[in-house]
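First comes the structure, then the notes that go with it.
The values are calculated or read from the model by the stated rules, or taken from the named source; none is laboratory data. In this text, all values refer to a predicted model and were calculated from it rather than measured experimentally. As a convention, Cβ positions derive from the backbone with ideal geometry for all residues, glycine included, and neighbour counts pool all protein chains shown. Each accessible area value is taken on the protein alone, full model and side chains, heavy atoms only, with ligands, DNA and RNA left out. Shrake-Rupley method; radii C 1.70, N 1.55, O 1.52, S 1.80 Å.
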Amino acid sequence: MVRVMVVDDHPMWRDAVERDLQAAGHDVVAVASNGREAMARFPASAPQVVVLDLQLPDHSGVQVTSMMLEHDPTARVLILSASGEQADVLEAIKAGATGYLVKSASSAELIDAVTRVADGDTVFTPGLAGLVLGEFRRIADGPADDPRDQLTERETEILKMVATGMSYKQIAARLVLSHRTVQNHVQNTLRKLQMNNRVQLTRWAIEHGLDEGPA
Amino acid sequence: MPAAQPRTDSAFAVEDRLYAALALVRVVVTLNMVGLNAYRRDNFDHPTVALAIVVALVVWTGAAIWLYHDRARRTPALLLVDLAIVLAAMAVTPWVKSPDFNATIPGFWVMGALLAWAIHWHWRGGLVAAVLIAAADLLPRSEVDQGNYGNVFLILIGGPIVGFMCASLQRMARERDAAERAAAAAEERTRLARAVHDGVLQVLAMTQRRGAAAGGEWAELGRLAGEQERSLRSLIRQQDTVPQVAGGRVDLAGALEAMATAHPVRVEVATPGGAVLVDAHVVSETVAAVRACLDNVAAHAGDGASAWVLAQAGRDEITVSVRDDGPGITPGRLGQAAVEGRLGVVSSITGRIEELGGTATVQSGSWGTEWELTVPLA
């Protein structure tokens, strides 16, 4: 059983997701229809997993993601989005979300994703893998003194397979690796992406003199 | 029409600024006029009248600055009076000074009225005022020296040119306004479209989900909703990159999305995010090769097969991977087909990519078939 919070501005979706999760035996500890409500209810309900729609009427889902994870780093955020706006999805992942699912996914896929995200696993769609590959490619093509981590060849290879719709099981069989190893590699790519995001922010702060305290 | 209102506003704003600048010019030429007449006070036959005229011109300058400041007061009558005062001051010069005078009493002070006419009636106003001032300057003179000719010539050239520039400035302000409004309208349309699309996508996704759960005829409805949802999502992504098409370069990611959406095989396209701008020929050939890969999936991988397309872009090359979840190609079958002269796949995929200087490789296994097309960027 996983303690879940559902944040979505469409009541139709909020109810459907809540029903599916409860039917699967999960505990929906809170629901919210916008960023303000989500932030108000998050601390008291202490969910393990937040199922979050990116298109919220007030805050952007990206902001909500980083605020929640700042408050409780052990929480997991699973993005559930209808339109798949590319830039937003990548930003939410950089901000610390560990899963991404489009709304057309079936109930079974959603429940599976919630369980996996709660276990610390990452849930990728092919589209998200393509975006992450693109992001690392941009880092690779950028200035040579960029301190941000690159993907290893193996990580790139696995991410490419995820981006062409292969399951971890298929990837494990094709590369003769264990399922667990494939999972670790995918998790590492996200960890690097999120770490790189922090490096970038720190560097930006230094460049703008924000690291110097009052003299 | 409400849309016409801001147009005139922006043109008026330019006019306001020009008149504000002219007010400064008027102060400068007035100081100059007062100074010169004081310096030449011994040249006057009627010094008292001259003093009265100079004082009158100074008073009028103050009045003119105040009058021109308000749009409502900038009437043709004001401009006519402004110029009439200039012409009158010039006309009385031979009597006040002496018939063989050198400089007129107003001197360069004439610029105030001249520029006002140029601002108000553009090049025509500038020209008419310049001709009248030139005539008033030349006619009373018994002889015209090089200096007089030079001044008149500059006025005749300058009046219309300044008028023309004022018209251009106002037109540019109107055009800039129109462009800004168009951009704001487009942005608003995009924002509204996003809201509408998001709503439609939510409903389509929900229909698909409920349909699949209900089964039977509802499942078919759900499947149709799913198809529409994928098309719409792909369309939105393409739309995001449309304006970036420039200079013979085309967005490869958008072109792949468009082709995949139209293709009968169920395809999911993954892109690096944003536009991938590549030479138009490279895009059309690469897309054609990917289409051939998908045609191949339709022909060999069976009805239930799905395909995935992944586009990657580096500084030096682009890579497109196409995978299907069909049963795979038995080893050597492609080679055998080539030997037998059935070169369809080879020429339409490999041929195109090799012509672009790239490579096309194919792998097959229990996980399906995967083509990897790599094309160098010149």
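It is to be established whether one or more residues within the range A:44-61 are under 15 Å from the mean Cα position of the chain (by Cα), farther than 21 Å from B:MET206 by Cα and aliphatic (A, V, I, L, M).
yes
How about the range B:273-292: which of its residues are at pLDDT 90 or above and either over 20 Å from B:ILE349 (Cα atoms) or within 14 Å of another protein chain (Cβ to nearest Cβ) (or both)?
Within the range B:273-292, B:VAL290 is the sole residue that qualifies.
Restricted to the range B:204-236, and to residues that are open to solvent by 60 Å² or more (accessible area, probe 1.4 Å) and touching an Asp or Glu at 6+ places or on another chain (Cβ under 9 Å), which residue is farthest from B:ALA255 (Cα to Cα)?
Taking the candidates together, the pick is B:ARG230.
Starting from the range A:113-135, keep only residues that are in contact (Cβ under 8 Å) with a residue 60 or more places away in the chain, then list their pairs with residues that are part of a loop (DSSP other than H, G, I, E, B) whose Cβ atoms are within a distance under 7 Å, requiring at least 6 positions of separation or different chains.
That search, which allows pairs on different chains as well, returns A:VAL114/A:VAL2; A:VAL114/A:HIS26; A:THR115/A:VAL2; A:VAL117/A:THR98; A:ALA118/A:VAL2; A:ALA118/A:GLN48; A:THR122/A:THR98.
Let me spell it out: the conditions are (1) open to solvent by 80 Å² or more (accessible area, probe 1.4 Å); (2) closer than 30 Å to B:ARG223 by Cβ; (3) small (Gly, Ala, Ser), and B:GLY199 meets all of them except one. Which number is the exception?
It is condition (1) that B:GLY199 fails.
How many residues does the range A:130-167 hold that are open to solvent by less than 30 Å² (accessible area, probe 1.4 Å), within 12 Å of chain B (Cβ to nearest Cβ) and within 28 Å of A:SER104 (Cβ to Cβ)?
So the count comes out to 14.
Within the group A:LEU110, A:LEU90, which residue is under 26 Å from B:ALA305 (Cα atoms), assigned by TED's automatic domain parsing to the domain that holds A:PRO73 and assigned to a helix (DSSP H, G or I)?
A:LEU110
Of all residues in the range B:298-313, how many are closer than 20 Å to B:ARG352 by Cα and either in contact (Cβ under 8 Å) with a residue 60 or more places away in the chain or not assigned by TED's automatic domain parsing to the domain that holds B:LEU256 (or both)?
Final tally of qualifying residues: 1.
What about B:VAL14, is it in contact (Cβ under 8 Å) with a residue 60 or more places away in the chain and β-branched (Val, Ile, Thr)?
Here the answer is yes, as B:VAL14 does meet what is asked.
If a residue has to be open to solvent by less than 30 Å² (accessible area, probe 1.4 Å), more than 10 Å from every other protein chain (Cβ to nearest Cβ) and not small (Gly, Ala, Ser) to count, how many in the range A:100-123 make the cut?
So the answer is 7.
Looking at the structure I just gave you, is B:TRP60 out of contact with any Phe, Trp or Tyr (no Cβ under 6 Å at 6 or more places or on another chain), crowded, with 17+ Cβ neighbours inside 10 Å and aromatic (Phe, Trp, Tyr)?
Criteria met by B:TRP60.
Which one of these does B:HIS120 not meet: (1) under 26 Å from B:ILE53 (Cα atoms); (2) touching a residue at least 40 places away in the same chain (Cβ under 8 Å)?
(1)
Select from the range A:113-126 the residues that are outside any loop (DSSP other than H, G, I, E, B) and not hydroxyl-bearing (Ser, Thr, Tyr) and write down the one among them that is nearest to A:MET166 (Cα to Cα).
A:PRO126
Going by the conditions given, is B:PRO327 part of a helix (DSSP H, G or I), at pLDDT below 90 and not acidic (Asp, Glu)?
Against the criterion (part of a helix (DSSP H, G or I), at pLDDT below 90 and not acidic (Asp, Glu)), B:PRO327 does not qualify.
If A:GLY127 satisfies all but one of (1) in contact with a strand residue (DSSP E or B) (Cβ under 6 Å, 6 or more places away or on another chain); (2) more than 13 Å from chain B (Cβ to nearest Cβ); (3) open to solvent by 20 Å² or more (accessible area, probe 1.4 Å), what's the number of the condition it fails?
Result: A:GLY127 fails condition (2) only.
Looking for whichever is surrounded by fewer than 23 Cβ atoms within 10 Å (Cβ to Cβ), within 26 Å of A:ALA129 (Cα to Cα) and of a type outside the set (D, E, K, R) here; the options are A:MET67, A:MET5. Which one fits? Show your work before the answer.
Details: A:MET5 fails: surrounded by fewer than 23 Cβ atoms within 10 Å (Cβ to Cβ).
Answer to the selection: A:MET67.
Determine if the range B:176-191 includes at least one residue that is farther than 30 Å from B:MET90 by Cα, within 14 Å of chain A (Cβ to nearest Cβ) and part of a helix (DSSP H, G or I).
Yes - at least one qualifying residue is present in the range B:176-191.
How many residues does the range A:146-170 hold that are among the small types (Gly, Ala, Ser), in contact (Cβ under 8 Å) with a residue 12 or more places away in the chain and outside any helix (DSSP H, G or I)?
Within the range A:146-170, the first condition is being among the small types (Gly, Ala, Ser), and the residues that meet it are A:163, A:165, A:167.
The next check asks that each one be in contact (Cβ under 8 Å) with a residue 12 or more places away in the chain; those that pass are A:163, A:165.
After this cut, where a residue has to be outside any helix (DSSP H, G or I) as well, the list is A:165.
Residues flagged as among the small types (Gly, Ala, Ser), in contact (Cβ under 8 Å) with a residue 12 or more places away in the chain and outside any helix (DSSP H, G or I) within the range A:146-170 amount to 1.
From the set of residues in the range A:70-84 that are charged (D, E, K, R) and surrounded by fewer than 22 Cβ atoms within 10 Å (Cβ to Cβ), which is nearest to the other protein chains (Cβ to nearest Cβ)?
First, the residues of the range A:70-84 that are charged (D, E, K, R): A:70, A:72, A:76.
Narrowing the set further to residues that are surrounded by fewer than 22 Cβ atoms within 10 Å (Cβ to Cβ) leaves A:70, A:72.
Values: A:GLU70: 25, A:ASP72: 28 Å.
Applying the filter and picking the extreme gives A:GLU70.
Suppose we keep only residues that are open to solvent by less than 10 Å² (accessible area, probe 1.4 Å) and not β-branched (Val, Ile, Thr) within the range A:85-99. Which one would you say is nearest to the other protein chains (Cβ to nearest Cβ)?
My answer is A:ALA92.
Of (1) part of a helix (DSSP H, G or I); (2) crowded, with 21+ Cβ neighbours inside 10 Å; (3) at the interface with another protein chain (Cβ under 9 Å from one of its Cβ atoms), A:ALA173 satisfies all except one. Which?
Every listed condition holds for A:ALA173 apart from (2).
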